[in-house]
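> Mind looking over this structure? Questions follow.
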2 protein chains.
Amino acid sequence: MSSLSMYQASIPVFIRMLGNLSAILEKAVAYATAKKIEPSVLINARLAPDMLPLSFQIQIASDMAKGCAARLAGIDAPSMPDTEKTFPELQERIAKTIAFLQTVNAAQIDGSEERDIVLKMRSGELQFKGQSYLLDFVLPNFYFHITTAYAILRHNGLDVGKTDFLGGR
Amino acid sequence: MSSLSMYQASIPVFIRMLGNLSAILEKAVAYATAKKIEPSVLINARLAPDMLPLSFQIQIASDMAKGCAARLAGIDAPSMPDTEKTFPELQERIAKTIAFLQTVNAAQIDGSEERDIVLKMRSGELQFKGQSYLLDFVLPNFYFHITTAYAILRHNGLDVGKTDFLGGR
């Protein structure tokens, strides 16, 4: 490690946090089993009626990570059609996302600070340079959805803590 | 902007997100006033009985940002004793944190990738290099607490959305 790079600030961060999310979901399955909670209750849980449920939080975190890797590297991201409705399906979504991220190497991502990035949103186009896309859009969104997934499960009684969120060292 | 730097990945991110948090708290005050909600109800609200309330989420986000700036720059952070109990006091905490961050310049932060960082935690010492401290500890924690503050207010009926969280561009 020498100076901070676009790769270091993105791909390993995504892989680590998605791994932590996966471990939290494993605990959620054990909790649901122990408490005889129907898993779909947790998967469809929301913090507010107009917030997205757990499944969507995970899907969007996955989208942020694979979309960022693909756009910064100038390659296509694998399509994942957001059909996951069970914990095993959500775990597979995370595993496929991590597997894709692991195929992207530093040489593909580094130097992407000035790359033009265009996002097509419902509200129109968002234009970024690579560095601003990573720092001002992807990372806040990625952490937002991982944290919200964690918060939904905590709110619904899962006994996890900050160490689960941050992961081991 | 040329290549990604420790400064770019930290100080402007903190300043922007704390500004967004401040704007969300302004909306929370207007909401409490309109709905005749005692402000302390929101300030003491939690997503789970063993999660921290809104005030602590803001204090810890502040601590993460000013502690990171100080440790990477090798200077002292201003002490803030976590006594805020009202929205104006929380806004002042955020403003003082932003004011401190604005005194820290790129030359003080850049090149801190390999700086030895030691955190004294209740559970013992945590040792990092500067880059890992920023990417693996500060940013996940900072976003965790900003997102949780947002989620507490959303869960309590505040009408804000992702645009408030991400801020204008």
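> Based solely on its DSSP helices, what 222 nm [θ] is calculated for chain B when runs of n ≥ 4 H residues each add -39,500 (n - 2.57) and the sum is averaged over all residues, nearest 500 deg cm²/dmol?
Calculated mean residue ellipticity at 222 nm is -17500 deg cm²/dmol.
> Report A:Asp63's accessible area, 1.4 Å probe, all protein chains in place, as a number in Å² to the nearest 10.
Ignoring ligands and nucleic acids, A:Asp63 comes out at about 60 Å².
> Accessible area of B:Glu92, 1.4 Å probe, to the nearest 10 Å²?
110 Å²
> Can you give the average number of partner chain beta-carbon atoms within 10 Å of each beta-carbon in peptide A:130-137, as a whole number? Could you put the intermediate results ahead of the total?
On the way: counts 2, 7, 4, 0, 2, 8, 7, 2.
Taking the mean over all residues of the peptide, I get 4.
> Further question: Tell me the trypsin sites (Lys or Arg not before Pro) within region A:1-102 that lie in a loop according to DSSP and have at most 15 other beta-carbon atoms within 10 Å. Before the final figure, lay out the partial values.
Working: sites: A:Arg16, A:Lys27, A:Lys35, A:Lys36, A:Arg46, A:Lys66, A:Arg71, A:Lys85, A:Arg93, A:Lys96; in loops: A:Lys35, A:Lys36, A:Arg46, A:Lys85.
Taking region A:1-102 and a limit of 15 other Cβ atoms within 10 Å, the loop trypsin sites (Lys or Arg not before Pro) found are A:Lys35, A:Lys36, A:Lys85.
> One decimal, nm, shortest first: give the distances between the label point of A:Asp159 and those of the same position in the other copies, each label point 7 Å from Cα along Cα→Cβ.
With the label placed 7 Å along Cα→Cβ, A:Asp159 yields 4.1 nm.
> I've got another one for you. For the interface of B with A, what's the total buried accessible surface in square angstrom, probe 1.4 angstrom, rounded to the nearest hundred?
Result for this pair: about 3700 Å² buried.
> Just checking the output field for A:116-129: average partner chain Cβ neighbours within 10 Å of each residue's Cβ? Numbers along the way, then the final one.
On the way: counts 0, 0, 0, 0, 0, 0, 0, 1, 0, 0, 1, 1, 1, 1.
Mean number of neighbouring Cβ atoms from other chains: 0.
> Another question, then. Pop a pseudo-label 7 angstrom from the Cα along the beta-carbon direction at both A:Val118 and B:Glu38 and give the gap in nm to one decimal.
Rounded to a tenth, the inter-label distance reads 5.5 nm.
> Follow-up question, since we're still on this one. One quarter of the convex hull surface, Cα atoms only: what value does that give for region B:11-164 in nm²? Spell out each step's value before the answer.
Working: hull surface 36.9 nm².
Averaged projected area of region B:11-164's Cα convex hull equals 9.2 nm².
> Just how far, in whole angstrom, is region B:54-92 from region A:113-162 if you go by their alpha carbon centroids?
23 Å
> Any idea what the alpha-carbon Rg over 2.2 N^0.38 Å comes to for region B:98-137?
Values: Rg = 12.1 Å, N = 40, 2.2 N^0.38 = 8.9 Å.
Rg over 2.2 N^0.38 Å, computed on Cα atoms: 1.35.
> Averaged per residue, what accessible surface does the protein assembly as shown expose to a 1.4 Å probe, in Å²? Walk me through the numbers before you get to the answer.
Working: 14870 Å² over 338 residues.
With all protein chains present, the protein assembly as shown gives 44 Å² per residue.
> Using a label position 7 Å from Cα in the Cα→Cβ direction, what is the ascending list of nm distances from B:Pro81 to the same site in the other copies?
Spacings between copies for this position, smallest first, are 6.1 nm.
> Can you list which of the DSSP-assigned H helices in chain B have a Cα extent of 20 Å or more along the long axis and an average Kyte-Doolittle score of at least 1.0?
Membrane-span-like by this rule: not one helix.
> In percent, how large is the relative contact order of region A:11-164, given Cα pairs closer than 8 Å and 6 or more residues apart? It would help to have the intermediate numbers written out before the result.
Details: 156 pairs, mean separation 49.2, N = 154.
The normalised contact order for region A:11-164 reaches 32 percent.
> Just by accessible area at a 1.4 angstrom probe, what is the order of A:Ser2, B:Ser10 from largest to smallest?
Details: A:Ser2 90, B:Ser10 0 Å².
Solvent-accessible surface, decreasing: A:Ser2, B:Ser10.
> Hey, for A:Ala34 with labels 7 Å out along Cα-Cβ, what do the inter-copy distances come to in nm, ordered shortest first?
4.2
> Let me know the shape class of the protein assembly as shown, please: from the alpha-carbon gyration tensor, a ≥ b ≥ c as square roots of the eigenvalues, rounded when a/c is under 1.5, otherwise prolate if a/b is greater than b/c, or oblate. Don't jump to the answer; show the numbers that get you there.
Values: a/c = 1.39, a/b = 1.01, b/c = 1.38.
Here the protein assembly as shown falls in the rounded category.
> Write down the Å³ per residue value for the convex hull defined by the alpha carbon atoms of region A:2-87. Don't jump to the answer; show the numbers that get you there.
Details: hull volume 10.1 nm³, N = 86.
Looking at region A:2-87, the number lands at 117 Å³ per residue.
> To continue, here is another question. Beyond 18 Å between alpha-carbons counts as too far, so tell me which of B:Lys27/B:Lys162; A:Lys120/B:Lys162; A:Lys162/B:Lys120; A:Lys129/B:Lys66; B:Lys66/B:Lys120 fall in that bin.
Working: B:Lys27/B:Lys162 14 Å; A:Lys120/B:Lys162 16 Å; A:Lys162/B:Lys120 16 Å; A:Lys129/B:Lys66 27 Å; B:Lys66/B:Lys120 16 Å.
In this structure, A:Lys129/B:Lys66 exceed 18 Å between Cα atoms.
The values are calculated or read from the model by the stated rules, or taken from the named source; none is laboratory data. From a predicted model like this one, the values you see are computed outputs, not experimental measurements. Virtual Cβ from ideal backbone geometry, glycine too; neighbours counted across all protein chains shown. Ligands, DNA and RNA are excluded from the accessible area calculation, which covers all protein heavy atoms including side chains. Shrake-Rupley method; radii C 1.70, N 1.55, O 1.52, S 1.80 Å.
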